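A short worksheet on the structure shown next.
The values are calculated or read from the model by the stated rules, or taken from the named source; none is laboratory data. Note that the coordinates shown come from a computational prediction; the quantities given were computed from them, not determined experimentally. As a convention, Cβ positions derive from the backbone with ideal geometry for all residues, glycine included, and neighbour counts pool all protein chains shown.
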Amino acid sequence: MGGSRMVELATDLTVREVARAAETVLGRSVQVTPETDIARDLAVDSLALMNIVMELEDRFDLSIPLDRLATVQTVGDLSELINKLRVKA
Amino acid sequence: MGLLDKHLGYRAPLDGIRAAGADPSSVRFDAVLSPTEGILDGKQVILLGTNNYLGLTFDPECIEASAAAVREWGTGTTGSRFANGTYSGHTDLERALAGFYGRKHAMVFTTGYQANLGGISGLVGRGDHLILDADSHASIYDAARLSQAEVIRFRHNDPEDLHKRLRRMGDQAKGSLIVVEGIYSMIGDVAPLKEMVAVKNEMGAYLLVDEAHSMGVLGAKGRGLAEAAGVEDDVDFIIGTFSKSLGSVGGFLVSDAENFDLLRIVSRPYMFTASLPPAVIASTLVALKRCEADVGLRAQLAANADQLYDGLREMGYAVGPHASPITAVVMPDQAMAVTMWNALLANGVYLNLAIPPATPNNLSLLRSSVSAAHTPEQIGTVLDVFEKLGLHYGLLQRSRRASA
Ligand SMILES: Cc1ncc(COP(=O)(O)O)c(C=O)c1O
């Protein structure tokens with residue numbers, strides 16, 4: 001139980017960091033949940049997404065290869081990818 | 001429901017631009033009179049957006065070589081390099097390019113776009129690491145996809161950021177391929193190549209420079225930024241195009257890498273497309289010789305670039321960080337960029353409208369490129385038009401005469 005709560009907490013924090021990175025790149029405030037569709041709901045194009053990823057690489061001191069973004073559609077997907085890469089790092 | 005419905009997000013912006021006047025994405029020249037003049041919708045315009053840096057498109061020697069080749073060899077090769085499309089001209093040009101760069105090997109592609117696609121995807125593949133400047137040309141991004149390598153971007157022209165990202169990669173930094181451009185095509189800024197070479201050497205990576213806009217422009221011999229920065233020995237691969245300084249079409253890759261010949265049987269954008277027509281190869285060979293030998297062209301180009309850049313900056317326009325044959329004037333927003341672009345055209349000046357997402361930092365730009373073939377009078381005319389329109393649209397506060 002405690003373990004899964006920890007994972008949830010970590011996901012929450014990552015989602016919040018994704019939101020902050022998006023705000024830095026887009027220059028406007030955004031409201032996100034894990035279900036937020038990055039392209040549709042945030043009007044983020046592929047270039048802006050790459051810039052958000054670059055911002056996140058710095059926040060988490062992590063490499064996020066762009067080819068991994070192929071399966072990322074929602075903020076939750078992106079957070080999950082980051083958490084997976086963090087475990088590996 | 002049509003297959004193209006997914007692109008409908010572009011409908012309104014495109015229609016908006018069309019409603020403002022001419023459509024920059026479908027400009028049609030009725031005639032091209034010289035490297036610097038054309039007829040557009042019945043009106044004579046100064047060409048200030050053609051990447052024709054050395055003005056060789058109408059060079060009599062290049063034209064003669066092309067005409068002789070089409071008579072001798074026919075209009076096309078009707079096949080790929082890999083099959084029936086290699087004529088003696090193709091291998092002559094590869095030898096000439098290798099000689100020009102002082103490298104062992106050269107490979108010619110059908111376009112510069114394909115040189116990046118085929119060069120980069122031949123050098124890195126699944127499991128390899130490709131490190132790109134964030135403002136890389138679309139052909140480099142598309143090459144990254146085709147390669148299936150792991151791609152990391154670093155902040156534009158920032159060697160410290162490059163260093164940080166390579167360090168982050170740990171052991172994987174060694175043997176990765178860094179790709180930068182000599183002159184960046186939108187703003188005209190130059191990569192800090194010396195500093196990047198230092199990072200590359202420290203981390204044990206390879207370096208590829210796309211000299212598309214710097215070949216014929218930078219360096220005493222016109223070999224590009226690597227020559228100008230004095231770091232040619234530290235650049236592992238050079239990619240370039242024939243479609244700018246050399247005034248034709250095509251692309252190339254040169255290197256000293258061992259087993260270079262294997263690229264010819266693994267690089268799909270090299271193998272599965274028709275080779276360049278003999279007429280193109282013939283003019284390119286002559287243009288390459290002119291590019292190397294005619295240092296006066298480069299000096300004139302630099303003088304013209306300075307005249308345009310200094311003139312625009314002194315008027316008060318926001319331009320790039322330094323003079324370069326590419327000068328981009330930053331517009332306050334896209335609507336003003338479209339308005340100015342149309343007004344320039346109406347006043348006899350053709351240049352490129354560059355708007356997001358094709359531009360860095362979502363800027364709206366009026367992108368110009370000068371040629372060695374421009375006269376100081378033509379550039380003077382362009383500056384006068386820029387001043388008149390800048391005052392008219394409130395982009396400039398006062399005229400040069402008033403402030404002098
Ligand atoms: C940096 C860069 N690389 C490659 C290319 C592609 O060259 P080409 O138009 O000759 O295919 C271009 C120009 O379009 C470019 O600006």
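Can you name the residue in region B:104-115 that is part of a loop (DSSP other than H, G, I, E, B) and hydroxyl-bearing (Ser, Thr, Tyr) and is also farthest from the other protein chains (Cβ to nearest Cβ) among such residues?
Step one: filter region B:104-115 for residues part of a loop (DSSP other than H, G, I, E, B), giving B:104, B:110-111.
Within this subset, residues satisfying the condition of being hydroxyl-bearing (Ser, Thr, Tyr) are B:110-111.
Numbers: B:Thr110: 26, B:Thr111: 23 Å.
This residue is B:Thr110.
If I filter region A:10-60 down to residues being charged (D, E, K, R) and touching a residue at least 24 places away in the same chain (Cβ under 8 Å), which single residue comes out as nearest to the other protein chains (Cβ to nearest Cβ)?
Step one: filter region A:10-60 for residues charged (D, E, K, R), giving A:12, A:16-17, A:20, A:23, A:28, A:35, A:37, A:40-41, A:45, A:55, A:57-59.
Among the residues that remain, those that are also touching a residue at least 24 places away in the same chain (Cβ under 8 Å) are: A:17, A:20, A:35, A:37, A:55, A:59.
Numbers: A:Glu17: 17, A:Arg20: 18, A:Glu35: 22, A:Asp37: 14, A:Glu55: 10, A:Arg59: 12 Å.
Among them, the one singled out is A:Glu55.
Please go through region B:234-268 and give me each residue that is of a type in the set (Phe, Trp, Tyr) and over 16 Å from B:Arg223 (Cα atoms), ordered by number. Break it down into steps so the answer makes sense when it comes.
Step one: filter region B:234-268 for residues of a type in the set (Phe, Trp, Tyr), giving B:237, B:242, B:252, B:260.
Once the filter is applied, which keeps residues that are of a type in the set (Phe, Trp, Tyr) and over 16 Å from B:Arg223 (Cα atoms), region B:234-268 yields only B:Phe260.
Just give me the residues in region A:61-71 being within 14 Å of chain B (Cβ to nearest Cβ) and over 19 Å from B:Ala358 (Cβ atoms), in sequence order. Step through it out loud before you land on a result.
Applying the first criterion (within 14 Å of chain B (Cβ to nearest Cβ)) to region A:61-71 yields A:61-70.
Across region A:61-71, the qualifying residues are A:Asp61, A:Leu62, A:Ser63, A:Ile64, A:Pro65, A:Asp67, A:Arg68, A:Leu69, A:Ala70.
Which members of region B:127-171 meet the condition of being in contact with a Pro (Cβ under 7 Å, 6 or more places away or on another chain) and either among the β-branched types (Val, Ile, Thr) or more than 16 Å from the ligand (Cβ to nearest atom) (or both)?
Here is the first cut: in region B:127-171, the ones in contact with a Pro (Cβ under 7 Å, 6 or more places away or on another chain) are B:135, B:150-152, B:156-157, B:159.
Residues satisfying the conditions are B:Glu150, B:Val151, B:Ile152, B:Pro159.
Quick check on my filter: what residues within region B:16-73 are in a helix (DSSP H, G or I), among the polar types (S, T, N, Q) and more than 16 Å from the ligand (Cβ to nearest atom)?
Kept after step one, since they are in a helix (DSSP H, G or I), are these residues of region B:16-73: B:16-19, B:24-26, B:56-58, B:60-73.
If we keep only those that are among the polar types (S, T, N, Q) as well, we get B:25-26, B:57, B:66.
Hits for region B:16-73 are B:Ser26, B:Ser66.
Name every residue in region B:249-276 that is among the aliphatic types (A, V, I, L, M), in contact with a Gly (Cβ under 9 Å, 6 or more places away or on another chain) and closer than 24 Å to B:Glu232 by Cβ, in order of residue number. Outline the logic, then answer.
Taking region B:249-276 first, the residues among the aliphatic types (A, V, I, L, M) are B:249, B:253-254, B:257, B:262-263, B:265-266, B:271, B:274, B:276.
Now restrict to residues that are in contact with a Gly (Cβ under 9 Å, 6 or more places away or on another chain): B:249, B:253-254, B:262-263, B:266, B:271, B:274, B:276.
Scanning region B:249-276 gives B:Leu253, B:Val254, B:Leu262, B:Leu263.
Can you name the helices (runs of 4 or more DSSP H) wholly within region A:1-60 that have at least 3 residues being at pLDDT 95 or above? Spell out how you get there, then give the answer.
Numbers: elements: A:2-26, A:38-42, A:46-60.
Where helices (runs of 4 or more DSSP H) fall fully within region A:1-60 and carry at least 3 residues being at pLDDT 95 or above, they are A:2-26, A:46-60.
Here are some residues: B:Val235, B:Val295, B:Val231. Which one is buried (at least 24 other Cβ atoms within 10 Å of the Cβ) and among the hydrophobic types (A, V, I, L, M, F, W, C)? Please lay out each step first, then the result.
Details: B:Val295 fails: buried (at least 24 other Cβ atoms within 10 Å of the Cβ); B:Val231 fails: buried (at least 24 other Cβ atoms within 10 Å of the Cβ).
Only one candidate qualifies: B:Val235.
Filter region B:232-291 for residues that are within 16 Å of the ligand (Cβ to nearest atom) and more than 24 Å from B:Tyr53 (Cβ to Cβ) and give the result.
Those that are within 16 Å of the ligand (Cβ to nearest atom) and more than 24 Å from B:Tyr53 (Cβ to Cβ): B:Ser267, B:Pro269, B:Tyr270, B:Thr273, B:Ala274, B:Ser275.
Hey, does region B:84-102 have a residue that's away from the ligand (no atom under 16 Å from the Cβ), part of a loop (DSSP other than H, G, I, E, B), at pLDDT 95 or above and closer than 20 Å to B:Gly224 by Cβ? Before the answer, list the steps.
Of the residues in region B:84-102, the ones away from the ligand (no atom under 16 Å from the Cβ) are B:84-92, B:94-96, B:98-102.
With part of a loop (DSSP other than H, G, I, E, B) added as a condition, the list becomes B:84-87, B:102.
Within this subset, residues satisfying the condition of being at pLDDT 95 or above are B:84-87, B:102.
Then drop every residue that is not closer than 20 Å to B:Gly224 by Cβ, which leaves B:102.
Checked region B:84-102: at least one residue is away from the ligand (no atom under 16 Å from the Cβ), part of a loop (DSSP other than H, G, I, E, B), at pLDDT 95 or above and closer than 20 Å to B:Gly224 by Cβ.
For the subset of region B:124-177 comprising residues that are farther than 22 Å from A:Ala70 by Cα and crowded, with 19+ Cβ neighbours inside 10 Å, which member is farthest from the other protein chains (Cβ to nearest Cβ)?
In this case the residue turns out to be B:Pro159.
Do you know which residues across region B:342-361 are over 15 Å from B:Gly21 (Cα atoms) and of a type outside the set (A, V, I, L, M, F, W, C)?
B:Pro356, B:Pro357, B:Thr359, B:Pro360, B:Asn361
Looking at B:Gly118, B:Gly188, can you tell me which residue is crowded, with 19+ Cβ neighbours inside 10 Å, in contact (Cβ under 8 Å) with a residue 60 or more places away in the chain, in a loop (DSSP other than H, G, I, E, B) and within 12 Å of the ligand (Cβ to nearest atom)? Before the answer, list the steps.
Numbers: B:Gly118 fails: in a loop (DSSP other than H, G, I, E, B).
Step by step, each of B:Gly118, B:Gly188 is checked, and only B:Gly188 is crowded, with 19+ Cβ neighbours inside 10 Å, in contact (Cβ under 8 Å) with a residue 60 or more places away in the chain, in a loop (DSSP other than H, G, I, E, B) and within 12 Å of the ligand (Cβ to nearest atom).
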